[in-house]
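FYI, it's all coordinate maths here, none of it is from the lab. Everything numeric in this text was worked out from a predicted model, so none of it was measured. Methodologically, a virtual Cβ is constructed for each residue, glycine included, from the backbone with ideal geometry; neighbour enumeration extends over all protein chains shown.
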C-alpha cells in the first residue's frame with residue numbers, strides 16, 4: 001500500500017509544481033501594474049515605486065515566485081491587495097461554509113446513488129427503467145445554474161417554503177434545523193449532477209457484475225435477486241463507484257463556485273468571484289492553487305483507495 | 001427485456017460490461033437529441049428575423065413588463081424586448097458550440113496526433129495536458145478570464161483551451177490503440193512512413209470517440225458560457241447570450257419569475273439535445 005502511494009506521489013507533485021508555475025506566470029502576464037492601480041491615477045512615480053517595493057514587485061520574478069511558494073508551504077498565504085487583510089484569514093472565513101456545502105452535496109449524491117443505482121440495475125419494470133433513464137439524463141446534462149434557478153423559482157418564489165440565499169444569521173452551528181433549511185437548496189443543486197453520474201456508473205457496473213458466473217451460481221443456490229445485488233454485486237462495483245466519485249471532485253469544485261454565487265452562500269467561491277471582479281490577484285492566485293491542490297490530491301487518494309479495494313491493481317503495481 | 005434478464009446473459013462473454021439497451025430506444029435518443037438541437041438552431045437562425053424588436057433597442061415606457069401579445073416574454077430592466085434578446089443570444093451560444101468547440105477539438109487532435117510521432121515531444125505535450133487537466137474546467141475558466149478580462153472573446157478562448165487537452169488525450173489514446181493493430185504492422189512491413197500511416201490508417205480509425213466527445217463538449221460549452229455569465233466574467237453587456245439574458249433575470253426572480261423561463265428552457269433544451277446525441281453515438285459504438 002505504502003509502496004503504491006510512493007510510486008504514484010511523485011507525478012502528482014510534479015503536476016502541482018507545474019500548475020503553481022503556470023498560475024504564477026499567467027497572473028503576472030496581466031496587463032497593467034498592480035502598484036499603479038493601487039496608488040490611483042494621480043500618484044507620483046515615487047509613490048508608485050514605493051508601493052511596488054512594499055509589495056515586492058520590484059524583485060526578480062524567480063525571487064517573487066520563491067517567496068510565494070515558500071509562504072504557501074509555511075502557511076503564509078500573503079496579503080490581499082484590495083479586499084484587504086490576510087488571505088489566510090479570508091480563506092479561513094469562507095472555508096467552513098464551502099466545506100459544509102460540499103460535504104452536504106456529496107452525502108446527498110452518495111445516498112441517492114446507493115438507492116437508485118441498484119434499483120436501476122435490478123429493475124424489471126420498463127417504467128422504472130424509463131423514469132431512471134430520464135432522471136439520469138437530466139441530472140447529468142442540466143447545468144448547475146439551470147437547476148439552481150428552477151429550485152429558487154419553485155421553492156423560494158412560487159411556494160416560499162425555503163430560504164433561497166445566504167446563511168443563517170447566527171452562523172451554521174447555532175441551530176441545526178435552521179441551517180438545514182438554508183443548506184437544502186444549494187446542496188441539492190450542487191449534488192444533483194454528481195448523483196446522476198454516480199447512479200449511472202453504479203447501475204452500469206452492477207449490470208456487468210450481475211452477468212458474472214458467480215452470480216448465476218449464487219442464484220442457482222437459491223439466493224434472492226435483491227440479496228445478490230446488495231450483498232455480492234455491490235461489493236464488486238465499489239471500486240468503480242469510488243473512482244467515479246473522485247473524478248467528480250472537479251465538477252464539485254467548479255460547481256461550488258457557481259452555486260455559491262447563485263445562492264449567495266459566503267464561501268470560497270464567492271471570494272474568488274470577488275477577487276476577479278476587483279482584480280485582486282494574490283487572492284485569485286491562492287484560491288486557484290488551492291483548488292488544483294484539492295483536485296490532484298483527491299485523485300491521488302482515489303487511486304490509492306481503488307488499489308486498496310482491488311488487489312489486482314495493488315499487486316500489479318508492486319510487481 | 002431488461003439488462004439483467006438471465007436468458008440474455010447466457011450467451012454473452014463474461015467480460016462484456018456494456019449496458020444492453022433496446023435498439024429502438026437508442027435510435028429514439030439520438031433522434032430526440034437531433035430534433036432538440038435542430039429546434040434551437042432554427043430559433044437562433046430564423047428567430048431574430050421574425051421578431052419586430054431589435055435586441056439592443058430601448059423601448060420607451062416598457063420597463064420590466066410581463067408577457068403580452070406585443071412582448072411575448074416581456075421586457076427587461078433596460079426596456080428591451082426579452083424574446084428578441086433571447087433569440088439573438090442563441091446565436092452567441094451556437095457560435096461557441098459549433099465554432100469554438102470544433103476549433104479546440106481540431107487543435108487538440110492535431111497536437112495529440114503530431115506528438116505521437118516524436119517521443120520527446122510526446123512527453124512534453126503529455127505533461128502540459130496533465131497540468132491543464134489538473135484544473136477543474138470552471139476553475140480554469142476563472143483563471144483565464146482573470147487574465148483576459150470578461151467578454152465573448154474570453155469565453156471562446158476558455159472553451160478552446162478547455163477542449164485542447166481533452167481531445168489531445170483522446171486522439172493519442174486512439175492512435176496508440178490503432179497503431180498496435182495488424183493492418184498497421186502490415187503497412188510498416190511494406191515500408192510506409194509514420195506520417196503516412198498516421199494519415200491514411202490511424203486517423204480515420206480514431207474518429208468515433210472524437211465524434212462522441214464533440215457532442216459532449218458542445219453541451220459543456222453551453223454550460224461554460226452560461227456559468228461565466230453568472231459569475232460576471234462572460235459575454236459582457238449590452239450583448240445578449242443565453243447566459244447573459246438569464247443572469248439579468250436573476251435579479252428580478254421575485255418580481256417576475258417568467259423572465260427567467262425563456263433562457264432556462266432554451267439552455268436546457270440545447271444541453272439535453274447535445275447530451276442525448278452523445279449518449280446515442282456512444283451506445284452505437286458499443287454495439
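Output the Cα-based Rg and Dmax of chain B in Å, rounding Rg to one decimal and Dmax to a whole number.
23.0, 78
Students often check this: by mean Cβ neighbours within 10 Å, which of B:30-36, B:266-272 ranks highest, and how do the rest follow?
Working: B:30-36: 16.7, B:266-272: 23.1.
The most tightly packed comes first, giving B:266-272, B:30-36.
How shielded is A:205-214 by partner chains, expressed as the average number of their Cβ atoms within 10 Å of its Cβ atoms? Show your work: numbers first, answer last.
On the way: counts 2, 2, 8, 7, 2, 5, 13, 4, 2, 1.
Rounded to a whole number, the mean comes out at 5.
Using the number of other C-beta atoms within 10 angstrom as an exposure proxy, rank A:224, B:29 with the fewest first.
Values: A:224 11, B:29 22.
Ranking A:224, B:29 by Cβ neighbours within 10 Å, fewest first, gives A:224, B:29.
What is the mean number of Cβ atoms from other protein chains located within 10 Å of the Cβ atom of each residue in peptide B:231-241, rounded to a whole number?
Numbers: counts 11, 4, 3, 0, 0, 0, 0, 0, 0, 0, 0.
Partner Cβ neighbours, averaged per residue: 2.
How many nm is it between the label spots at residue A:162 and residue B:186, if each spot is 7 Å from the Cα in line with the beta carbon?
6.0
What angle, in degrees between 0 and 90 and rounded to the nearest 10, separates the Cα long axis of helix A:126-141 from the longest principal axis of the Cα atoms of chain A?
Between helix and principal axis, roughly 10 degrees.
When B:236, B:206, A:11, A:20 are ordered from fewest to most other Cβ atoms inside 10 Å of their Cβ, what list results?
Working: B:236 17, B:206 23, A:11 13, A:20 20.
Taking fewest neighbouring Cβ atoms as first place, the list is A:11, B:236, A:20, B:206.
Averaged across B:126-136, how many Cβ atoms of other chains sit within 10 Å of each residue's Cβ atom? Provide the component values of the computation, followed by the final result.
On the way: counts 0, 4, 2, 0, 7, 12, 3, 5, 13, 11, 13.
So the per-residue partner count for this stretch is 6.
Pull out the extension gain between residue A:2 and residue A:231, defined as 0.36 nm times the separation in residues minus the alpha carbon to alpha carbon distance; nm, one decimal.
Difference between extended and current length: 79.5 nm.
Label region A:33-76 by shape, choosing from rounded, prolate and oblate, from the square roots a ≥ b ≥ c of the eigenvalues of the Cα gyration tensor; if a/c is under 1.5 it is rounded, and otherwise prolate applies when a/b is larger than b/c, oblate when it is not.
Values: a/c = 3.50, a/b = 2.45, b/c = 1.43.
Here region A:33-76 falls in the prolate category.
Of the peptides B:137-145, B:80-88, B:222-230, B:46-54, how do they stack up when ordered by the mean number of other Cβ atoms within 10 Å, highest first?
Values: B:137-145: 23.9, B:80-88: 25.6, B:222-230: 27.2, B:46-54: 13.9.
Going by the mean number of other Cβ atoms within 10 Å, highest first, we get B:222-230, B:80-88, B:137-145, B:46-54.
With bins 10 Å wide starting at 0, give me the P(r) of the protein assembly as shown over every alpha carbon pair, in whole percents.
Spelled out per bin, shortest first, that is 3, 14, 24, 27, 20, 9, 3, 1, 0.
For chain B, what is the calculated [θ] at 222 nm in deg cm²/dmol (nearest 500), taking -39500 (n - 2.57) for each run of four or more DSSP H residues and dividing by its residue count?
Numbers: 12 runs with 190 residues, N = 287.
One gets -22000 deg cm²/dmol as the mean residue ellipticity at 222 nm.
Can you give the extra length, in nm with one decimal, that the chain gains between residue A:76 and residue A:170 once fully stretched, where that is 0.36 nm per residue apart less the Cα-Cα distance?
30.9 nm
I'd like the distance separating the alpha-carbon centroids of region B:76-137 and region A:1-76, in whole Å.
With region B:76-137 and region A:1-76 each reduced to a Cα centre, they are spaced 27 Å.
On a full-extension model of 0.36 nm per residue, what is the gain between residue A:238 and residue A:111, subtracting their alpha-carbon distance, rounded to one decimal in nm?
Details: separation 127, 0.36 × 127 = 45.72 nm, distance 1.39 nm.
Once the chain is fully extended between residue A:238 and residue A:111, it gains 44.3 nm.
Highest mean first, what order results for B:101-111, A:211-221 on Cβ atoms within 10 Å?
Numbers: B:101-111: 20.2, A:211-221: 14.2.
The packing order, highest mean first, is B:101-111, A:211-221.
Quick one: if you stick a label point 7 Å off each Cα along the C-beta vector at residue A:88 and residue B:200, how many nm between them?
So the label points at residue A:88 and residue B:200 sit 6.5 nm apart.
Could you give the nm distance between label points at residue B:269 and residue A:213, where each point is 7 Å from its Cα heading toward the beta carbon?
Calculated label separation equals 5.3 nm.
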